[in-house]
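Notes to accompany the following structure.
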Amino acid sequence: MGFVSTKTVAFSRVGIVKRVESTLSWTTVEDLFAKYRIGFVRNHVYPADLQRLIYRHYQPEDGTENEEDLARILAAGRIDAALTDPEVILHLADKLSLNGIDKSTGILQIQPLSLAIHRSSGYEERLDLLNELIEKDTGPKVVCCLSDTPPSDAEAR
């Protein structure tokens, strides 16, 4: 029967976070991976283009088991930058009292997140209710990107 998606609930951001004293100089993401040690979380599924770069430039010591370890090895200077959701790693750096992580980060990709509803009996009503609730959510949203063009209204939600 399959699944149907709700409207976008939130956005997953994948970005580059570096140390404060780091002077990364790169023009393309390929260039970034070729020139620097980029840390990542091993069990995360990154967008396909980024996953290919991880495989191509893979160093076992650059991968971690979780975001906390990624924040620790970045703060310790064992990697040049981290491929992660910047909000997550900055939150963990504060929580773990880690110093030296640059708060000005760059977003590489923004992916919409939605809920999947199984197409079983009565799914239309549940889907309509969830979409209505999603539209009513007026909580704060943060969007940033490296693009020269501002995010669309849909991305800002």
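Of note:
- For T23, the shell of other residues with beta-carbons less than 15 Å away shows a net charge of 0, using +1 for Lys and Arg and -1 for Asp and Glu.
- Among 11-23, 68-80, sorting by the average number of other beta carbon atoms lying within 10 angstrom of each residue, highest first, gives 68-80, 11-23.
- All other residues whose Cβ lies under 12 angstrom from that of T105 are scored, Lys and Arg at +1 and Asp and Glu at -1, for a net of +1.
- Those lysines that a straight Cα-Cα span of less than 21 Å connects to K136, excepting residues fewer than 8 apart in one chain: K7
- For H57, the solvent-accessible surface computed with a 1.4 Å probe is close to 60 Å², ligands and nucleic acids excluded.
- The chain, dipole about Cα centre (Lys/Arg Cβ +1, Asp/Glu Cβ -1), debye to the nearest 20: 280
- Take every pair of alpha-carbon atoms less than 8 Å apart whose residues are at least six positions apart; their mean separation over the length of the chain yields a relative contact order of 39 percent.
- For the stretch 19-101: relative contact order, % (alpha-carbon pairs under 8 angstrom, 6 or more apart): 37
- Sum of -39500 (n - 2.57) over DSSP H runs of 4+, divided by residues of the chain (222 nm, nearest 500): -9500 deg cm²/dmol
The values are calculated or read from the model by the stated rules, or taken from the named source; none is laboratory data. Because the structure is a prediction, the values reported are computed rather than measured. Glycine gets a Cβ as well: all are built from the backbone with ideal geometry, and neighbour counts include every protein chain shown. Just so you know, the surface numbers come from the protein's heavy atoms only, side chains and all, with ligands and any DNA or RNA stripped out. Shrake-Rupley method; radii C 1.70, N 1.55, O 1.52, S 1.80 Å.
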